[in-house]
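Here is the structure we will look at.
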Amino acid sequence: MLENNEAGTRNGSLFNALFSEAAGVIELRAIDKTTGQLIRLFSRDHDERSEWIERNTGQYNLYFGLSTRKPGSKSGTKADCYEIATYWADLDFKDYPGGEQEAREALRQFPLQPSAIVASGGGLHVYWIFRELEFLDGNIAIHEARMRGIAKVLRADHTFDVSRVFRIPGTTNYPNAKKLAAGRTEAPCVLEFLGDARYNPDDFDIFADAIVESVERPQVELSGAIPPRFQTDLNRDQYFREVWEGVQIICKAGTQQVDRSRQDSRLTHRLVKLGYGDDEIAAVLLAYKLGKAHEQKNAEGYISGVIADAREHLSRDPTMTETSMSSHYNIDNGGMEVLNVIHLTDHDEPSPQEYIVEDLLPKNHIAIAYGDGGNCKTYTAMGLAACVAQGVPFCGQSTKKTNVLYLDWELNADDHLRRAYAVARGQALEKPPEGIFYASANATLYALMPSIQQLIVEKGIELVVIDSMGLAAGVDTESAKEIIGLFSKLKTLGVTILALDHQAKAQDKQRYENKTPFGSAYKYNLARVVYQLKRTESPLDGDDSVYLVLRNTKSNFSKTGKTFSVKIGFGGKAVSFEQHTVLECETADGSTLILNALSEGGEMTAQEIADATKVVRGTVTNLLGDLKESGMVRIVGKKRNAPIYGLPEATIEDSDPAVLLDF
């Protein structure tokens with residue numbers, strides 16, 4: 001077990017990622033592989049849990065509670081659940097016609113990157129870890145609704161209850177007698193991946209299934225008759241008629257078997273929209289042979305739940321159609337919103353993707369440039385806009401000459417003009433070039449959208465700069481639903497968009513390069529190109545230049561985007577931009593160079609490190625500060641008042657076998 005844990009936790013500890021800030025207790029379960037005997041442990045103590053796992057390995061299947069339990073709990077029911085730190089899904093390979101390959105492909109297509117993946121010995125346990133733990137009191141329904149939706153999209157098992165337990169990585173999956181007879185064998189449970197992706201729970205609102213528990217279930221009368229208007233509605237509503245007659249059907253994933261409960265849901269949603277009463281809906285469902293109501297022992301309870309489900313969907317979004325309810329599951333839309341389907345082989349290959357700025361801004365798509373305040377985002381966008389307006393290269397990257405609309409939520413016109421003239425002088429111009437149109441915005445993007453669209457048409461705009469997204473949005477930027485709606489609206493403008501954005505506050509010991517744009521993960525997911533900006537000062541005395549690294553973190557149009565560096569000169573009243581060679585130290589590998597130098601050459605000052613690595617002294621100093629804060633280097637002394645840096649000393653814990661356990 002220790003070997004599996006060591007291999008599986010090379011990138012960090014799953015338990016630590018989940019429970020390091022937990023106030024509740026962690027439940028562990030051991031089930032004897034032969035007798036089925038159950039043993040439980042409820043503990044917050046790392047050493048106690050480690051010893052318990054070690055003691056029970058070899059004879060037991062070992063599990064842990066995905067939610068913490070209330071202090072003092074002795075059982076793991078839903079009522080005992082206390083905090084939740086992650087959403088999860090259980091992908092069982094046997095449930096996919098294509099087996100493991102199809103399951104992994106389904107996960108790869110999921111829009112939110114997992115935080116952790118565990119190979120469970122017959123499937124995958126997938127985790128999307130939160131930025132902060134959430135207390136469950138009163139919120140269980142919405143958490144389970146989101147996970148129920150995730151499971152539907154991934155075609156995963158129904159494991160979305162908050163009291164769920166999963167296998168402990170580093171242990172062994174011992175099949176029971178039935179599974180052994182079917183050919184299953186013992187398999188290690190291994191942590192395949194543990195990354196830095198962290199989420200807010202409402203990032204998953206887009207997947208949320210109906211929260212039936214939050215809607216009062218109607219009392220229905222089952223002795224009612226189908227209302228006379230029903231036949232009239234069937235005759236005049238083709239979609240309604242085709243659902244009723246079975247022309248429009250929903251099949252269970254990967255099969256040709258009708259999903260009868262979802263047929264009931266589809267029909268009920270339509271009946272609610274048509275204004276049918278609860279008893280009238282009940283009468284129709286009982287007569288619907290493609291559904292399940294007529295076979296239910298507790299038909300009243302089943303029907304009331306289906307009606308509550310439909311009414312809950314409509315209460316959240318009155319414009320929702322039967323099609324939009326099913327849009328995530330590739331269901332035939334029945335003619336409500338017809339898909340424009342093309343036969344690929346009948347069409348010629350399109351021309352290559354065009355760019356407004358080579359490698360940086362793909363034409364008619366959204367790009368994000370983000371970073372901490374003070375990283376020259378505005379100056380960079382202004383320099384880029386001036387180059388695009390003239391059709392001249394920006395720091396070695398070719399541009400398409402076109403008009404630019406610069407929308408500014410951070411400065412006024414005078415502030416911007418002062419900078420614009422400085423940028424113009426840096427390009428040997430007397431004043432800003434023609435083709436840049438500026439507005440100091442006084443309302444949200446939503447409110448200004450008609451005006452923006454009109455300006456795009458009137459001025460021949462092909463590039464819109466948004467400075468900056470946080471102020472412009474006018475919505476809760478941490479809400480997945482709000483960001484998805486905003487980006488969908490921006491796409492309707494039909495032009496290239498460069499959105500400047502700030503980045504999330506660093507978590508404890510988190511490196512700058514691991515930060516993401518502030519708010520919902522859908523900002524990153526819906527942008528086609530994403531760049532992070534990071535500045536370093538010039539190491540030369542008297543040089544006011546700033547060296548800015550534009551680090552590509554996402555590009556949908558190439559295998560890897562281009563990371564490049566810009567030298568921004570602040571001389572006199574001019575601001576200039578020129579291409580600069582990206583040194584390794586200015587990228588994510590810079591810290592590695594320093595650590596290797598200390599490992600191979602021993603303790604050194606910053607200047608000695610710079611000499612050994614051929615890295616600019618100012619960059620070395622900045623990186624040493626980050627490494628010291630994260631505990632990866634330490635100051636061990638001084639040499640002529642210059643700090644001497646070294647690697648941390650080994651500790652007793654570093655050689656303790658218990659650290660190999662997944663806690």
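The values are calculated or read from the model by the stated rules, or taken from the named source; none is laboratory data. What you see is a predicted model; the values in this text were computed from it and never measured. In this analysis, Cβ positions are derived from the backbone assuming ideal geometry, glycine residues included, and neighbour counts consider all displayed protein chains.
Some observations on this one:
- Being at pLDDT 85 or above and within 30 Å of Ala293 (Cα to Cα) is true of Gly149.
- For region 501-517, the condition holds for no residue, the condition being that it is of a type in the set (A, V, I, L, M), assigned to a helix (DSSP H, G or I) and on the phi < 0 side of the Ramachandran plot.
- Of the strands (runs of 3 or more DSSP E) that lie entirely inside region 345-451, not one contains 3 or more residues that are over 25 Å from Leu526 (Cα atoms), touching a Pro at 6+ places or on another chain (Cβ under 8 Å) and modelled with pLDDT under 95.
- Filter result (under 17 Å from Ser479 (Cα atoms) and either among the charged types (D, E, K, R) or at pLDDT below 90 (or both)) within region 113-138: Arg131, Glu132, Glu134
- Some residue of region 57-77 being within 27 Å of the chain's Cα centre (by Cα), assigned by TED's automatic domain parsing to the domain that holds Leu18, part of a loop (DSSP other than H, G, I, E, B) and in contact (Cβ under 8 Å) with a residue 24 or more places away in the chain: yes
- Qualifying residue in region 105-113 (condition: closer than 24 Å to Cys81 by Cβ, of a type in the set (A, V, I, L, M, F, W, C) and in contact with a strand residue (DSSP E or B) (Cβ under 8 Å, 6 or more places away or on another chain)): yes
- Filtering region 154-164 for residues that are more than 23 Å from Ser520 (Cβ to Cβ), β-branched (Val, Ile, Thr) and in contact with an Asp or Glu (Cβ under 6 Å, 6 or more places away or on another chain) leaves a non-empty set.
- Hits in region 224-240 - residues which are in a helix (DSSP H, G or I), surrounded by fewer than 16 Cβ atoms within 10 Å (Cβ to Cβ) and without any contact (Cβ under 8 Å) to a residue 60 or more places away in the chain: Arg229, Gln231, Thr232, Leu234, Asn235, Arg236
- Residues (crowded, with 18+ Cβ neighbours inside 10 Å and of a type in the set (A, V, I, L, M, F, W, C)) located in region 423-436: Val423, Ala424, Ile436
- Selection from region 356-410 of residues that are in contact with a helix residue (DSSP H, G or I) (Cβ under 9 Å, 6 or more places away or on another chain), under 19 Å from Asn552 (Cβ atoms) and of a type in the set (A, V, I, L, M): Ile356, Val357, Leu360, Leu361, Ile366, Ile368, Ala369
- Listed by position, the helices (runs of 4 or more DSSP H) inside region 93-200 whose residues that are among the hydrophobic types (A, V, I, L, M, F, W, C) and closer than 19 Å to Gly65 by Cα number at least 2 are 140-154.
- Some residue of region 465-474 being surrounded by fewer than 18 Cβ atoms within 10 Å (Cβ to Cβ), assigned to a loop (DSSP other than H, G, I, E, B), without any contact (Cβ under 8 Å) to a residue 60 or more places away in the chain and out of contact with any strand residue (DSSP E or B) (no Cβ under 6 Å at 6 or more places or on another chain): yes
- Put simply, of Gly149, Gly123 the only residue that is in contact with a helix residue (DSSP H, G or I) (Cβ under 6 Å, 6 or more places away or on another chain) and under 25 Å from Ala504 (Cβ atoms) is Gly149.
- Any hit, region 599-621, residues being within 38 Å of the chain's Cα centre (by Cα), at pLDDT 85 or above and surrounded by fewer than 16 Cβ atoms within 10 Å (Cβ to Cβ): no
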